[in-house]
Amino acid sequence: MKALVKDKAAPGLWLMDVPEPEVGINDVLVHVQKTGICGTDLHIHSWDRWAQQTIPVPLVIGHEFVGEVVEVGSNVNDFRPGDVVSGEGHLVCGRCRNCMAGRRHLCSRTEGVGVTRPGAFAEYLALPMTNVWHHAPGVDREVAAIFDPFGNAVHTALSFKVLGEDVLITGAGPIGLMAAAVVRHAGARHVVVTDVNEHRLALAEQMGATRALDVRTASVASVQSELRMQEGFDVGLEMSGNPAALRDMLANMAHGGRIAMLGIPTEEILVDFNEIVFNMLTLKGIYGREMYETWYAMSVMVESGLDISPVITHRFHYSEFEQAFATAAGGRAGKVLLDWTE
Ligand code: NAD
Ligand code: ZN
């Protein structure tokens, strides 16, 4: 089968013929149709320090996908050929304290599809049945392809009550954009999205933001007074990993505000802890998706009218992967998809 492989410990990716995955007794074999390019894939492509320390070479990469089941192992009863599925890319150990308690997203011994085990940028992917998610009939296949990052957005956005609340989202990357649509769907009042990229800020308006704010030219505080907010944001979703964005957020929260942090900082961030202590803020770190409450929430919100499709801005055939990766890295795109059919 064709697959995008990190074949050498060097920048780049290689489109190659590799053997089809073996299907274990607990596995589901998926014929991949569409995949999404994640920031993680860009790191693997450019071969930065994180990638060099993390990725075993050679490896088929990629973890955002939708496809159809073509074969199941002998222990698998509830998946059938033709089912439309995506998959949770974190494989948990099943035996640690958190796993045994049903808190699988807190497992400290996870493996990652397309990160430490073979991934989804391929014609076929084998995944344990415990990680396969059935889509509702008629699901938009492009939306289904990005359930993984959509799940990051939902996990973060629904960490705290947003009904009637004013929400600040720092970072209008694909995940921040989807989070804007989610909190809007979940009943937030004002949704302010910040970034330093005008293309992405324009998308934020399409995704339901009350205000899309370029922090190079306007302050979060000025929007607060424009919107006549009483004393600050009730909920903050940090989705940039940027130090200035986090400090902006801390300075603009209401007393008792709650912050969910998804963005991955690339450096240490200096913050004024007085703002956290005296304003009685709650900060919560977010990783991955809750298994499988986040997946349930995604499916039912899509069924009840949540539309995240404007975040998908570019589509390429897998053979055009170099162009697709350059587009995703270029900063003018939302989500970039690769098509694996034909
Ligand atoms: P992205 O890099 O596409 O988006 C980040 C955005 O932040 C960019 O549009 C950038 O212009 C913007 N930004 C930069 N400086 C800013 C500032 N001062 N104020 C406001 N915005 C600023 O990333 P993404 O794919 O949307 O993911 C969002 C973040 O979440 C990234 O940091 C990513 O690494 C992280 N992430 C975390 C998890 C997890 O499980 N915790 C999973 C996926 C991604
Ligand atoms: Zn575990």
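We did not get these values from a lab; they are worked out from the coordinates using the rules stated. Values in this document were obtained by computation on a predicted structure and should not be read as measured data. Positions of Cβ are backbone-derived with ideal geometry, glycine not excepted, and every protein chain shown enters the neighbour counts.
For A254, list long-range residues whose amide hydrogen, built 1.01 Å from N in the peptide plane, is under 5 Å from its own amide hydrogen.
Amide H neighbours of A254, under 5 Å, 5+ apart: F233, D234.
Before anything else, pin down the relative contact order of the chain: Cα pairs under 8 Å, at least 6 apart, normalised by residue count, whole percent.
With pairs under 8 Å counted, the relative contact order is 17 percent.
Determine which aspartates and glutamates satisfy two conditions relative to K161: a Cα distance under 15 Å, and not lying fewer than 8 residues away in the same chain.
Within reach: D234.
Taking the simple approach of a point 7 Å from Cα along Cα-to-Cβ for both Q206 and L15, what is their distance in nm?
The answer from the label model is 2.6 nm.
Residue by residue, what Karplus-based ³J(HN,Hα) values in Hz, rounded to whole numbers, does the stretch 86-100 have, using 6.51, -1.76 and 1.60 with θ = phi - 60° and x for Gly and Pro?
Taking θ as phi minus 60°, the curve returns 10, x, 6, x, 9, 9, 9, 6, x, 10, 6, 4, 5, 4, 5 Hz for the stretch 86-100.
Quick one: divide the alpha-carbon radius of gyration of the chain by 2.2 N^0.38 Å and tell me what you get.
Computed over Cα atoms of the chain, the ratio equals 0.99.
Sum -39500 (n - 2.57) across every DSSP H segment of at least 4 residues in the chain, then divide by the residue count to get the 222 nm mean residue ellipticity, nearest 500.
Computed mean residue ellipticity for the chain: -7500 deg cm²/dmol.
I'd like the distance between the alpha-carbon centres of the stretch 190-249 and the stretch 265-342, rounded to an integer number of Å.
So the two Cα centres are separated by 17 Å.
Report the extension gain between L227 and I25 in nm, rounded to one decimal, defined as 0.36 nm multiplied by the number of residues separating them, less their alpha carbon distance. Write down the numbers at each step before the final one.
Details: separation 202, 0.36 × 202 = 72.72 nm, distance 5.71 nm.
Extra length available between L227 and I25 comes to 67.0 nm.
Within 10 Å of each residue's Cβ, count the other Cβ atoms and sort S74, S299 from fewest upward.
By the 10 Å Cβ count, ascending, the order reads S74, S299.
Considering only A181, A251, A218, give the residue with the highest GNM mean-square fluctuation for the chain, with springs between Cα atoms whenever their separation is below 10 Å.
Ranking A181, A251, A218 by mean-square fluctuation puts A218 first.
Count the net charge of all other residues whose Cβ sits under 14 Å from the Cβ of K335, scoring Lys and Arg as +1 and Asp and Glu as -1. Don't skip to the answer; put the middle values down first.
Numbers: positive: K34, R141, R200, R315, R332; negative: D41, E64, D140, E142, D148, D307, D339.
Value of the local net charge: -2.
Restricting the calculation to Cα positions, tell me the Rg (one decimal) and the Dmax (whole number) of the stretch 228-342 in Å.
18.5, 59
Extension gain V300-E71, at 0.36 nm per residue separation less the Cα-Cα distance, in nm? Before the final figure, lay out each step's value.
Details: separation 229, 0.36 × 229 = 82.44 nm, distance 2.68 nm.
Result for the pair: 79.8 nm of gain on full extension.
Using a 7 Å offset from the Cα along the Cα-to-Cβ direction at both I269 and W50, what is the distance between the two label points in nm, to one decimal?
Those two pseudo-labels are separated by 1.4 nm.
Could you point to the residue in A221, G164, A179 farthest towards the positive end of the stretch 151-285's charge dipole, with +1 and -1 charges on the Cβ of Lys/Arg and Asp/Glu respectively?
G164
Using the number of other C-beta atoms within 10 angstrom as an exposure proxy, rank L15, L168, L246, L213 with the fewest first.
By the 10 Å Cβ count, ascending, the order reads L15, L246, L213, L168.
Relative to the first principal axis of the alpha-carbon coordinates of the chain, what is the inclination of helix 293-303, with its axis defined by its Cα atoms, in degrees from 0 to 90 and to the nearest 10?
80
Report the relative contact order of the stretch 1-141, percent, no decimals, based on alpha-carbon pairs under 8 angstrom and at least 6 residues apart.
Reported relative contact order: 31 percent.
For the stretch 111-120, in order, what is each residue's ³J(HN,Hα) by Karplus, 6.51 cos²θ - 1.76 cosθ + 1.60 with θ = phi - 60°, in whole Hz (x at glycine and Pro)?
The phi angles translate into 10, x, 4, x, 10, 10, 9, x, x, 9 Hz.
In percent, what relative contact order does the stretch 151-285 have, based on Cα pairs under 8 Å that are 6 or more apart in sequence?
Values: 273 pairs, mean separation 31.5, N = 135.
Across the stretch 151-285, relative contact order equals 23 percent.
Taking H as built 1.01 Å from N, whose amide H comes closer than 5 Å to the amide H of V191, not counting residues under 5 places away?
Under 5 Å from the amide H of V191 lie the amide H atoms of V167, T210, R211, each far enough along the sequence or on another chain.
Measure off 7 Å from each Cα along the Cα-to-Cβ vector at S309 and A136, then give the distance between these two points in nanometres to one decimal.
In this crude spin-label approximation the distance works out to 1.4 nm.
In vacuum, with every alpha carbon of the stretch 35-74 counted as one equal point scatterer, what does the Debye formula give for log10 I(q)/I(0) at q = 0.18, 0.25, 0.30 Å⁻¹? Two decimals, please.
The Debye formula, applied to the Cα set alone, gives -0.60, -0.85, -1.06.
Note down the magnitude of the dipole of the stretch 1-139 about its Cα centre, charges +1 on Lys and Arg C-beta and -1 on Asp and Glu C-beta and zero elsewhere, to the nearest 20 debye.
Rounded to the nearest 20 debye, it is 640 debye.
With the chain treated as a Gaussian network of Cα nodes joined by springs under 10 Å, which of R315, R216, R200 yields the largest mean-square fluctuation?
Largest GNM mean-square fluctuation: R216.
If you build a Gaussian network model of the chain, linking Cα atoms that sit under 10 Å apart, which residue out of V30, V220, V183 swings the most?
Evaluated over the chain, the most mobile residue of the options is V220.
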